[in-house]
């Protein structure tokens with residue numbers, strides 16, 4: 001570097017350090033020493049210097065919080081240690097029972113506790129190497145999460161570089177909760193309403209949606225915050241108690257909720273829960289309870305984990321918030337499996353900062369048991385502070401004009417007769433051509449956990465049905481550009497994106513396809529078990545009920561539902577048409593069938609493909625008999641080339657290896 005560049009580099013380093021110190025004073029110490037205007041001036045100077053000298057950029061710069069370039073797709077990451085859920089306690093007796101279990105298991109009376117507020121947000125894991133944030137991930141299912149590093153870097157209370165560098169382990173994972181403050185939530189909703197956009201239902205959902213944005217700049221536009229509460233994985237760090245963990249996290253520069261307390265007895269912990277149940281509305285963030293933890297880390301290790309719940313901690317859940325309003329009428333929603341789900345249409349009421357219009361009623365038996373009538377004044381509760389439900393009527397307020405609800409004898413959507421299954425509280429429409437079922441089943445089929453067809457939302461699906469362009473899932477794969485162009489507001493780019501997304505969905509693995517079919521009682525985990533046991537759709541469709549129920553994790557009710565699905569001719573025809581469209585109906589080992597279009601061919605992938613991740617492209621190739629290799633050679637059949645290809649492209653040209661775009665790959669795979 002010349003002298004001038006040396007000076008610029010020194011100025012950039014100084015600004016970064018100064019800004020991080022001011023961030024710490026502002027967000028952690030709550031003791032700012034400069035004005036917002038002065039902070040903004042330094043920030044703009046640093047941003048300008050980094051733009052002029054990109055070679056001096058650094059991943060831990062405060063400017064990274066404004067958001068990086070959009071991501072194509074989130075990568076799955078495995079947590080080094082599972083992110084455990086917590087067992088719940090709903091009253092003081094259950095907290096005392098928790099203490100007795102701990103005493104009995106440890107065989108000692110010398111046990112103290114730590115109480116921490118249970119933030120109603122989204123759990124994340126942050127990985128630091130030599131004090132620098134290198135990866136951030138969502139909790140996911142506790143074992144696997146999604147990498148959202150770029151998004152988490154926009155959260156100003158998450159440190160990009162840790163303090164006390166001389167006392168830092170070389171590798172460290174910190175866990176905590178990302179949340180949206182209530183004041184920020186109100187401000188965001190005001191801005192969305194003014195812009196004519198739908199408002200968010202609650203702060204937790206708004207925060208979750210922000211974390212999963214493909215464009216970190218959208219995340220940066222929502223003022224998320226973070227509290228750290230645990231260390232997940234580390235090297236060479238010796239701590240002895242949860243109190244020490246919280247103090248160490250704070251010393252490294254993490255925000256730790258200040259309302260934790262060291263409790264000598266469970267009675268002290270119970271009093272803490274009582275106090276905060278009364279004071280919860282004084283906070284600028286949502287809490288839904290208190291977490292009570294055994295303080296000693298050695299005791300935590302001895303107590304261990306049962307299922308996915310640690311024996312050394314329990315979540316005391318506050319009672320759901322209540323409101324009283326008028327139940328105007330009871331309506332029925334027909335689900336994708338034909339289930340007739342009753343719900344209450346309410347006079348709008350404010351409940352915990354959210355306007356409630358509808359609430360769940362579960363089923364007919366629940367309505368009868370609670371004696372809920374149309375016109376009743378009812379008590380409404382947000383279960384888990386999220387899902388509204390009717391607790392029951394206020395009988396003493398009845399006027400005599402209330403009407404008993406009569407469950408329909410026919411499906412309200414198609415008029416077909418309904419069936420009540422013995423042993424089940426729910427009634428079902430058995431007309432597989434029911435318009436409501438058709439809509440809900442297509443919405444499920446295209447949903448993220450199933451075929452993940454982007455751009456195919458509920459309104460688009462409803463319009464496709466109205467126009468007669470589709471009647472079932474197989475029809476989606478026959479849609480043409482001219483047909484999609486008939487949809488409102490679909491122009492050339494959105495038409496191309498939707499058709500590409502439909503084409504891309506053909507590479508989804510068998511378990512996702514099986515889940516997408518919408519078989520009653522077959523969720524994502526059950527679909528995985530069935531695929532693991534039977535391998536392909538032919539074996540599963542031919543299996544008797546007893547054989548299905550004998551599979552590990554599959555009970556008689558699920559087996560009966562699966563067998564019933566395959567006994568219906570319409571379902572078997574749908575599967576054959578989906579097979580013909582190119583969907584995967586065999587597990588990865590089964591899917592590499594002899595005679596596939598890629599049999600005997602080898603592929604190497606380079607660069608970023610337009611809509612397929614590296615994993616999805618590999619699955620597409622392998623399901624058609626091909627092999628995906630990491631290194632290119634003269635024996636390589638094809639190089640699949642995306643944006644910003646590496647040195648493999650030049651190597652392929654030197655060796656005369658044929659090159660394919662994503663579009664050419666997908667087309668070749670259908671031949």
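Each reported figure results from applying straightforward, stated rules to the coordinates on display, with no laboratory input. Quick caveat: nothing in here was measured; it's all calculated off a predicted structure. Neighbour counts run over all protein chains shown; Cβ positions are idealised from the backbone, glycine included.
Numerical summary
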read-out: R0 of 25 Å, Cβ-Cβ distance residue 9-residue 608: FRET efficiency to nearest 0.05; value: 0.20
read-out: Likely footprinting exposure, 273, 429, 414, fewest C-beta neighbours within 10 Å first; value: 414, 273, 429
read-out: Exposure proxy order (Cβ contacts within 10 Å, fewest to most) of 226, 490, 113; value: 490, 226, 113
read-out: CD proxy at 222 nm, helix term only [per DSSP H run n ≥ 4: -39500 (n - 2.57); per residue of the chain; nearest 500]; value: -10500 deg cm²/dmol
read-out: Relative contact order (percent, whole number), segment 592-669, Cα cutoff 8 Å, 6+ residue spacing; value: 36 percent
read-out: Förster radius 56 Å - calculated FRET efficiency between residue 395 and residue 34 (Cβ-Cβ, nearest 0.05); value: 0.35
read-out: Bridge type composition, segment 592-669 - antiparallel percent by DSSP, nearest 5; value: 10 percent
read-out: Length gained when the stretch residue 18-residue 482 is fully extended (0.36 nm per residue, less Cα-Cα span); value: 161.2 nm
read-out: Potential extension, residue 282-residue 579 segment - 0.36 nm per residue separation minus Cα distance; value: 101.2 nm
read-out: DSSP bridge orientation in segment 537-671 - percent antiparallel, rounded to nearest 5; value: 10 percent
read-out: Spacing of the two label points (7 Å from each Cα toward its C-beta) at residue 91 and residue 268, in nm; value: 2.7 nm
read-out: The chain - share of DSSP beta bridges that are antiparallel (%, nearest 5); value: 85 percent
read-out: Residue 420/residue 357 FRET efficiency (R0 25 Å; Cβ-Cβ; nearest 0.05); value: 0.30
read-out: Centroid-to-centroid separation of segment 92-107 and segment 167-188 [C-alpha atoms, Å]; value: 31 Å
read-out: Whole-number percent relative contact order across the chain, with pairs defined as alpha carbons under 8 Å at least 6 apart; value: 9 percent
read-out: Relative contact order (%) - criterion: Cα under 8 Å, at least six apart; region: segment 224-361; value: 15 percent
read-out: Simple label model, 7 Å out from Cα along Cβ direction - residue 238 to residue 134, nm; value: 2.5 nm
read-out: Additional length obtainable on full extension of the chain from residue 103 to residue 141, 0.36 nm per residue less Cα span; value: 10.6 nm
